[in-house]
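Q: Could you have a look at this structure, given as structure tokens, before my questions?
The values are calculated or read from the model by the stated rules, or taken from the named source; none is laboratory data. Quick caveat, the model's predicted, so the values are computed rather than measured. Neighbour counts are summed over all protein chains in view; Cβ atoms, including those assigned to glycine, are modelled from backbone coordinates with ideal geometry.
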Amino acid sequence: MREMPPLPVLRTARLLLRGFEAPDAAWLAETISDPQVRRLTLEDALPPEQAVAVAQVSVALRTRKAHWVITLDGEPCGFICLTRTAQFGPPGVYAGFELRRRAWGRGIATEALQAAIDCGFHHFGLPALHAAVVQGNAASERVLEKAGLREGGACTLPGGKPGIWYAVRRPGEERRRQPFRERLRQLGRSLWWL
């Protein structure tokens, strides 16, 4: 079995993005059980007792994927990830993020997303990145647009929620005309671990 390449630690002017560790389950459980945080995300808030169990399993799984904890001055603010999927729009690698409520409105999501996009293009060699948001989540739409993503079209999100997908191409990357199956095969071969 092939091993995942080491997940790089990402640094920005204010933030440190690092891999998940076991103690992150506590704040993650708090975040995924917060109805205000989850109201306009892809998934609904979980009851606190279920959130603890899900967070523990989730942290264990995220240590083996391109998922980072976003920290500001050592304090976890949320998470950001790069995940391969065809669930929301065109097949590809999608960026996703979720912030704790106390981190809202401070430019943290935009800064973290820009770092993840840069890593996706330069460390992982991705030709493009996508993201999807729930329709009406104006704050997340602004984050995506500030980070350079452009609206691509309507999509259906988990639970049947209406959404919008966005995309950004690596600078200088020309849209190649390849058969769809060939593009998927190449993407799968190079990004099997996402």
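Q: Going by what's in this entry, would residue 42 be described as at pLDDT below 85 and on the phi < 0 side of the Ramachandran plot? Walk me through how you get there before you give the answer.
A: Working: at pLDDT below 85: yes; on the phi < 0 side of the Ramachandran plot: yes.
Here the answer is yes, as residue 42 does meet what is asked.
Q: On to the next question. Please give the helices (runs of 4 or more DSSP H) falling wholly within the range 48-160 in which 1 or more residues are in contact (Cβ under 8 Å) with a residue 60 or more places away in the chain. Even if it seems obvious, please write down each step before you answer.
A: Details: elements: 48-62, 108-122, 138-146.
Because the criterion is at least 1 residues that are in contact (Cβ under 8 Å) with a residue 60 or more places away in the chain, the helices (runs of 4 or more DSSP H) in the range 48-160 that meet it are 108-122, 138-146.
Q: State whether one or more residues within the range 52-69 are in contact with a helix residue (DSSP H, G or I) (Cβ under 8 Å, 6 or more places away or on another chain), under 20 Å from residue 111 (Cα atoms) and modelled with pLDDT of 90 or more.
A: Yes, there is a match, as at least one residue in the range 52-69 is in contact with a helix residue (DSSP H, G or I) (Cβ under 8 Å, 6 or more places away or on another chain), under 20 Å from residue 111 (Cα atoms) and modelled with pLDDT of 90 or more.
Q: Applying the selection to the range 61-103, what residues are closer than 13 Å to residue 29 by Cα and small (Gly, Ala, Ser)?
A: Of everything in the range 61-103, just one residue is closer than 13 Å to residue 29 by Cα and small (Gly, Ala, Ser), namely 78.
Q: A further question follows. Select from the range 92-136 the residues that are of a type in the set (Asp, Glu) and at pLDDT below 95 and list them in ascending order. Full working, then the answer.
A: Quick first cut of the range 92-136, residues of a type in the set (Asp, Glu) only: 98, 111, 118.
Result: 98, single match.
Q: Those residues that are out of contact with any Asp or Glu (no Cβ under 7 Å at 6 or more places or on another chain), outside any helix (DSSP H, G or I) and closer than 18 Å to residue 68 by Cα, I need them from the range 14-41; list them, please.
A: Quick first cut of the range 14-41, residues out of contact with any Asp or Glu (no Cβ under 7 Å at 6 or more places or on another chain) only: 16-30, 32-36, 39-40.
Subset that is outside any helix (DSSP H, G or I): 16-23, 33-34, 39-40.
If the condition is that a residue be out of contact with any Asp or Glu (no Cβ under 7 Å at 6 or more places or on another chain), outside any helix (DSSP H, G or I) and closer than 18 Å to residue 68 by Cα, then 16, 17, 18, 19, 20, 21, 22, 23 are the ones that fit.
Q: Sticking with this one: When both residues are 6+ apart or on different chains and their Cβ atoms are under 6 Å apart, which pairs have a first residue that lies in the range 5-26 and is farther than 22 Å from residue 122 by Cα, and a second that is of a type in the set (S, T, N, Q)?
A: 25/56
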